[in-house]
Structures are given as structure tokens and as C-alpha cells.
1. Tell me, which residue of segment 107-146 that is assigned to a loop (DSSP other than H, G, I, E, B) and hydrophobic (A, V, I, L, M, F, W, C) is farthest from Ser82 (Cα to Cα)?
2. Ser82 - would you say it is at pLDDT 95 or above and either part of a strand (DSSP E or B) or at positive phi (or both)?
3. Give the residue, chosen from Arg92, Arg87, that is of a type outside the set (S, T, N, Q), assigned to a strand (DSSP E or B), open to solvent by 50 Å² or more (accessible area, probe 1.4 Å) and at pLDDT 95 or above.
4. Could you give every pair whose Cβ atoms fall below 6 Å, whose first residue belongs to segment 108-132 and is more than 13 Å from Lys37 (Cα to Cα), and whose second residue is open to solvent by 90 Å² or more (accessible area, probe 1.4 Å) and assigned to a strand (DSSP E or B), counting only separations of at least 6 or pairs across chains?
5. Within segment 14-58, how many residues turn out to be of a type in the set (Lys, Arg) and open to solvent by 90 Å² or more (accessible area, probe 1.4 Å)?
6. Quick one: Ile61 ticks every box in (1) open to solvent by less than 60 Å² (accessible area, probe 1.4 Å); (2) farther than 21 Å from Lys10 by Cβ; (3) under 12 Å from the mean Cα position of the chain (by Cα) except a single one, so which number is it?
7. Working only within segment 53-79, note down all residues that are modelled with pLDDT of 95 or more and part of a loop (DSSP other than H, G, I, E, B).
Amino acid sequence: MDLQDDFVKKMVEEFVPIHKFLGLKLLDIKTDFAKVKVPFRPEVVGDIRSNRWHGGIITTIMDSVGGLVGGTHLSSLEDKMSTIDIRVDFLRPAHNEAIIVEGETVRLGKRILVTKMKAYLANDPKQELLAEGKGVYSFIRLKENS
């Protein structure tokens, strides 16, 4: 990992308050792709009877990963990006383990970015989907590349 990668990792993990709160760890990021791991802890529980992840927390992580994917296309710190819509289908329960969320670009237009995301348990060798989603983002470049 080079100096630039270290800077991006630090920005993602430590400077975004929700990422820091969740303990999000950036595993991989490159153009059109991002992958994170988030540990299980009591604050993410939605069903106290079965100690399962809250769907809203998983959705939040998926939205963040979609934003990270968009960040791989920023041309300056002045560019703007915000969520227009996110849809998540929950396919099976997420029990008390860390999860991995991956995202990739589906389409990047002049003003709209579409991403797809998937979530699975970190220790699942089959990577059976817990949830899959699609994010739509407003993506505005305020400075054109020179």
C-alpha cells in the first residue's frame, strides 16, 4: 500500500463519523470498486431475540460503499455527490458476525452514478448473499479535468 492508499484508507475509516462509529475497515478500493468489512457489535443489533444485524445499518453501509465507488471517479475535492435513491433486498438474516460489503459501478453518466452492492458474512467461504442493493447518486463534477 502506497502513501496515497494510506491517505484514502485513513480518510474513509477515520474522518467519516459514521464509518468510525461502525468500525468500518476499507479492504479494497480501485476505479469502479470498493470493499469494506464491518465488525458485529451490540450497537448494530436490530432483533434482540436473535442477535441479528439491523437492516437499516446494513443499508447505511451499502450506501457508504456506493459513495466510495463514486469517489473513485471524483476529479477534484469540489465535486459533489449525494444519494438520490437506494434499494436493498434482504435475502437472509445476518447473524452476529462481521459483514463484508462490496460495490461496483453499473453506470456513470454526466450527472448520475448507478452502483450495485452486495453484503455477505465475512467468514462465509461461499459468500452467500445477505443483501443486495442498487444505489443511484447525483454526481456533479464542478471542475473539468485538464
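The values are calculated or read from the model by the stated rules, or taken from the named source; none is laboratory data. Quick caveat: nothing in here was measured; it's all calculated off a predicted structure. As a convention, Cβ positions derive from the backbone with ideal geometry for all residues, glycine included, and neighbour counts pool all protein chains shown. In case anyone asks, the SASA skips ligands and DNA or RNA and just uses the protein heavy atoms, side chains included. Shrake-Rupley method; radii C 1.70, N 1.55, O 1.52, S 1.80 Å.
1. Taking segment 107-146 as the starting set, the residues that turn out to be assigned to a loop (DSSP other than H, G, I, E, B) are 109-111, 122-128, 141-146.
After this cut, where a residue has to be hydrophobic (A, V, I, L, M, F, W, C) as well, the list is 122, 142.
Details: Ala122: 28, Leu142: 14 Å.
Among those residues, the one meeting the criterion is Ala122.
2. Details: at pLDDT 95 or above: yes; either part of a strand (DSSP E or B) or at positive phi (or both): yes.
Here the answer is yes, as Ser82 does meet what is asked.
3. On the way: Arg92 fails: assigned to a strand (DSSP E or B).
Every option except Arg87 fails the conditions.
4. Cβ pairs passing all conditions: Val114/Arg107; Lys116/Lys134; Ala131/Phe90.
5. Of all residues in segment 14-58, those of a type in the set (Lys, Arg) come to 20, 25, 30, 35, 37, 41, 49, 52.
Those left that are additionally open to solvent by 90 Å² or more (accessible area, probe 1.4 Å): 20, 25, 30, 49.
Number satisfying all stated conditions: 4.
6. The single condition Ile61 does not satisfy is (2).
7. The answer is His54, and nothing else.
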